[in-house]
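Only one structure is covered here, and it is reproduced in the block below.
Derivation of every value follows stated rules applied to the coordinates shown; laboratory data play no part. Keep in mind that what you see is a predicted model, and the values were worked out from it rather than measured. So basically every Cβ, Gly included, is an ideal-geometry build from the backbone, and we count neighbours across all protein chains shown.
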Amino acid sequence: MKQLIVVSNRVPSPDKDSGSQGGLAVGVMNALSRTRGLWMGWNGQLVDDAEQHAPESYENEGVQFATFPLTEQEHELFYVGYSNEVLWPLFHYRSDMVEYSREKDAGYQYVNERFARQVAGQIPEDGDATIWVHDYQLLSTGHYLRTMNVENPIGFFLHIPVPPWEVFRILPHHERMIEHLCAYDTIGFQTATDLRHFLENVERSGVAIVEGNTVIYDHRRINTGVFPISIDVDTAREMAEKGEQSSRSKRLKDSLQGGPLIIGVDRLDYSKGLYKRFQAFEQLLENTHTRYGNVTYLQIAPLSRTGVERYASLRRELERVAGHVNGRFSTYDWMPLRYLNTGYDRETLMGFMRQSRVGLVTPLRDGMNLVAKEYVAAQDPEDPGVLLLSNMAGAAEELDGAMLCNPFDVEEMADMLDAALSMSLEERKERWQRLHRVISTNDIHRWGESFVTALDQSAAARHADGQ
Ligand code: F6P
């Protein structure tokens with residue numbers, strides 16, 4: 001049986017309460033649970049002599065893992081530097097935050113090459129393996145695998161958005177990035193917009209030719225497509241039902257004193273729009289006296305990428321605005337905004353989502369946003385909450401039934417929050433049914449299967465062509 005080797009920088013943490021791993025870990029774990037898969041990636045540790053460490057193998061929830069450490073310097077240049085101070089802001093359209101240096105660039109290439117070496121060492125002896133590389137930290141890994149004469153099917157999926165040409169071309173050596181991507185057989189994106197931007201970037205860079213959804217580079221044909229990541233809907237619903245019965249959920253419910261709950265769950269990241277969200281909540285309290293003393297907004301925001309300065313400064317800003325809102329509106333027995341940096345396991349989070357009246361998911365830019373889909377799956381069909389979703393999230397291109405808002409428009413968000421809190425049961429049910437139909441049709445298993453099928457077909461066509 002063919003082996004599927006998944007490669008990503010981050011692998012799921014065995015610590016279930018960490019809560020800051022993002023959608024990739026959740027999505028890929030679900031997709032791999034039904035396959036004979038091996039997942040490779042960084043083990044989260046920093047050591048002096050990373051080259052001397054053979055990958056450590058273990059099994060977690062039925063999936064095989066092979067993980068390895070990085071050095072401090074690799075982590076600084078590859079992860080903090082190039083991945084999160086160059087690519088992350090640029091791909092989220094924040095060119096003002098890009099801090100490029102040649103040293104970071106070289107560190108990124110070096111670590112991508114090291115990932116490739118580790119992967120090449122795990123290909124089974126019979127050679128029968130499909131390799132699936134994930135996300136912006138590893139854009140060049142496929143290229144280095146090809147230089148090591150690995151001719152297996154190699155696919156790449158980008159979990160984050162693709163910026164348009166005028167933003168993309170800011171990246172020094174963007175032509176090289178496109179060349180490296182041309183090593184893959186299949187490249188997948190979250191949305192049709194991302195795919196369109198990518199094909200335009202390829203064309204405008206002059207590196208390769210675009211024919212429909214195919215990129216032609218040096219006689220190689222690279223197949224591209226849209227594969228919106230999703231969740232395991234049944235598992236999420238079961239978790240929510242169980243989570244709602246937990247003592248944490250009961251304590252949360254008691255503490256609300258019968259008032260409605262608005263919930264947000266995000267890594268603490270500037271792309272998530274938390275600052276404007278807090279302002280919108282403040283505006284809601286200012287506008288509507290009926291909400292005063294009654295509504296509670298719970299924002300769970302586990303710390304993320306603490307080594308990157310932008311994240312540290314965002315944390316300070318959020319603490320300030322949260323303190324301001326509570327100082328301004330709290331009474332001796334009611335605190336409107338509960339802002340916490342603690343992570344919780346998914347069962348607890350889903351239980352909290354199930355008892356909320358509004359799910360607030362308002363990123364300024366997001367590849368997909370699986371919290372939006374989890375929110376839908378977690379709801380009680382007889383009394384569902386309302387999803388208030390940013391029109392800048394990839395999920396907005398799919399989730400018919402959500403209330404869509406502009407996350408830059410604080411006043412609009414405040415009005416929409418008010419409307420969501422007042423929505424009739426009939427409308428809430430009708431919207432939820434539409435949303436649920438979408439996530440049940442395209443669930444996580446379909447995502448994984450359709451990508452791997454497209455990848456194997458594309459590699460088979462390459463071999464048939466004698467490439
Ligand atoms: O889903 C996007 C993503 O950037 C993943 O690639 C990443 O693993 C996750 O968010 C969390 O970020 P980090 O690995 O930097 O903690």
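Tell me the angle of helix 233-244 to the major Cα principal axis of the chain, expressed in degrees between 0 and 90 and rounded to the nearest ten. Once rounded, one gets 40 degrees.
Look at where the Cα atoms of the range 218-253 and of the range 120-142 average out, and the two centres are 25 Å apart. Once the gyration tensor of the Cα atoms in the range 324-467 is diagonalised, the equivalent ellipsoid follows with semi-axes of 36, 18, 16 Å, ordered largest first. Here, the range 233-441 has an Rg and a Dmax of 15.9, 47 Å when only alpha carbons are counted.
Taking only alpha carbon atoms, the chain gives an Rg to Rh ratio of 0.97, where Rh is the Kirkwood radius. By the beta-carbon count within 10 Å of each Cβ, the least crowded to most crowded order of Val233, Val371, fewest first, is Val233, Val371. Longest segment of the chain with no GluC sites (Glu not before Pro) in a DSSP loop having at most 15 other Cβ atoms within 10 Å? It works out to 152-381.
The Cα center of the range 255-286 and the Cα center of the range 293-323 differ in position by 10 Å.
Between Glu166 and Gln45, 0.36 nm times their residue separation minus their Cα-Cα distance comes to what?
Details: separation 121, 0.36 × 121 = 43.56 nm, distance 3.69 nm.
Value of the extension gain: 39.9 nm.
Ordered by the number of other Cβ atoms lying within 10 Å of each residue's own Cβ, fewest first, Trp132, Trp334, Trp432 fall into the sequence Trp334, Trp432, Trp132.
Seen against the Cα atoms of the chain and their longest principal axis, helix 247-256 is set at about 40 degrees. Take the Cα of Asp409, go 7 Å toward its beta carbon, and the backbone nitrogen atoms of the range 337-376 under 20 Å from that spot belong to 359-366.
What percent do you get for the relative contact order of the range 379-466 when only Cα pairs under 8 Å and 6+ apart count?
Contact order relative to length: 29 percent.
This ranking places Ser8, Ser330 by how few other beta-carbon atoms lie within 10 Å of each, fewest first, which gives Ser330, Ser8. Here is the list for the range 139-192: trypsin sites (Lys or Arg not before Pro) lying in DSSP coil, each with at most 15 other C-beta atoms within 10 angstrom of its C-beta, are Arg169.
Report, in degrees rounded to the nearest 10, the 0 to 90 angle that the Cα long axis of helix 192-205 makes with the longest principal axis of the chain. The answer is roughly 40 degrees.
Here r is the Cβ-Cβ distance between Thr342 and Ala464 and R0 is 56 Å; the resulting FRET efficiency, rounded to 0.05, is 0.60. A straight chain from Glu317 to Glu449 at 0.36 nm per residue would run longer than the Cα-Cα distance by 43.3 nm.
Placing a label point 7 Å from the Cα of Ser422 along the Cα-to-Cβ direction, the residues of the range 358-391 whose backbone N falls under 20 Å from that point are 358-360, 384-389. For Arg434 and Asn326, a Förster radius of 51 Å and the Cβ-Cβ distance give a FRET efficiency of 0.90, rounded to the nearest 0.05.
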